[in-house]
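The values are calculated or read from the model by the stated rules, or taken from the named source; none is laboratory data. Note that the coordinates shown come from a computational prediction; the quantities given were computed from them, not determined experimentally. Heads up, the Cβs are rebuilt from the backbone with ideal geometry, glycines too, and the neighbour counts pull from every protein chain shown.
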């Protein structure tokens with residue numbers, strides 16, 4: 001398959017995601033309202049508790065990661081949920097496309113929306129609370145955002161696999177799974193305060209390492225050795241595992257007939 005054919009298939013899903021998002025009345029809430037509410041409420045809490053600039057930076061970095069990952073992950077998940085809600089799943093997989101086309105097209109839209117959210121929240125945080133997200137430097141910031149987006153893609157893969165396996169009963173995981181991951185990786189606190197078994201789970205999440213590395217320039221010594229390396233290595237592993245899980249879920253749903261039940 002030529003690179004042009006691959007690009008056309010990926011673009012088709014990216015374009016579809018943009019069209020569906022534009023028709024969604026709640027798009028503005030996902031993109032602007034809830035992220036702004038989150039960063040403003042957390043920022044005001046840091047003022048009320050009279051936290052030091054370093055501690056405020058620690059919490060605000062976690063808040064920004066939360067919103068960025070959530071927005072991008074939802075776009076990846078919507079790539080499949082849109083078909084389930086419109087009862088057209090079987091038509092999707094009858095087309096000459098692969099999982100990579102669907103996922104990558106939706107992920108690219110999620111990256112775009114995540115960048116918009118991050119830029120908006122960074123501007124508000126700087127204006128209202130004097131927080132500078134560019135302090136670690138452009139390269140570190142770019143690595144951090146890439147880590148957030150890769151984490152979002154991995155979570156999106158596993159959520160899509162659950163939805164294909166269990167149908168609409170599992171669609172709640174689109175909004176709950178990422179929150180569980182973010183709580184474990186220490187968005188508002190260092191993972192060292194977690195109980196030992198839970199801390200072990202946190203060490204298996206890529207975003208834990210990306211947060212650890214990005215917070216270092218704000219005065220928090222890294223808790224892990226080579227956090228960037230571990231973060232990207234885990235991300236690659238989870239993306240491969242998530243792709244396999246979704247492919248296996250689709251194969252099983254075809255065999256059990258669930259794929260037809262989710263369609264008209």
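Points worth noting:
- Yes/no for residue 99 being surrounded by fewer than 22 Cβ atoms within 10 Å (Cβ to Cβ) and in contact with a strand residue (DSSP E or B) (Cβ under 9 Å, 6 or more places away or on another chain): no
- Near pairs, Cβ below 6 angstrom, 6+ apart or cross-chain, from the range 33-58 (in contact (Cβ under 8 Å) with a residue 40 or more places away in the chain) to any residue that is not in a helix (DSSP H, G or I): 54/219
- Failed criterion for residue 251 (all others in (1) touching a helix residue (DSSP H, G or I) at 6+ places or on another chain (Cβ under 8 Å); (2) part of a helix (DSSP H, G or I) hold): (1)
Here's the yes/no breakdown for (1) assigned to a loop (DSSP other than H, G, I, E, B); (2) under 15 Å from residue 127 (Cβ atoms); (3) out of contact with any strand residue (DSSP E or B) (no Cβ under 9 Å at 6 or more places or on another chain):
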site: 44; (1), (2), (3): no, yes, yes
site: 51; (1), (2), (3): yes, no, yes
site: 58; (1), (2), (3): no, no, yes
site: 68; (1), (2), (3): no, no, yes
site: 71; (1), (2), (3): no, no, yes
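- Against the test of being in contact (Cβ under 8 Å) with a residue 60 or more places away in the chain and outside any helix (DSSP H, G or I), the options 224, 220 yield a single qualifying residue, 220.
- Picking from residues in the range 190-206 that are touching a residue at least 24 places away in the same chain (Cβ under 8 Å) and surrounded by fewer than 19 Cβ atoms within 10 Å (Cβ to Cβ), the one that is farthest from residue 104 (Cα to Cα) is 192.
- Among the residues of the range 128-154, those that are at pLDDT below 90 and surrounded by fewer than 16 Cβ atoms within 10 Å (Cβ to Cβ) comprise 128, 130, 132, 134, 135, 137.
- Residue in the range 164-179 that is buried (at least 23 other Cβ atoms within 10 Å of the Cβ) and farther than 19 Å from residue 39 by Cα present: yes
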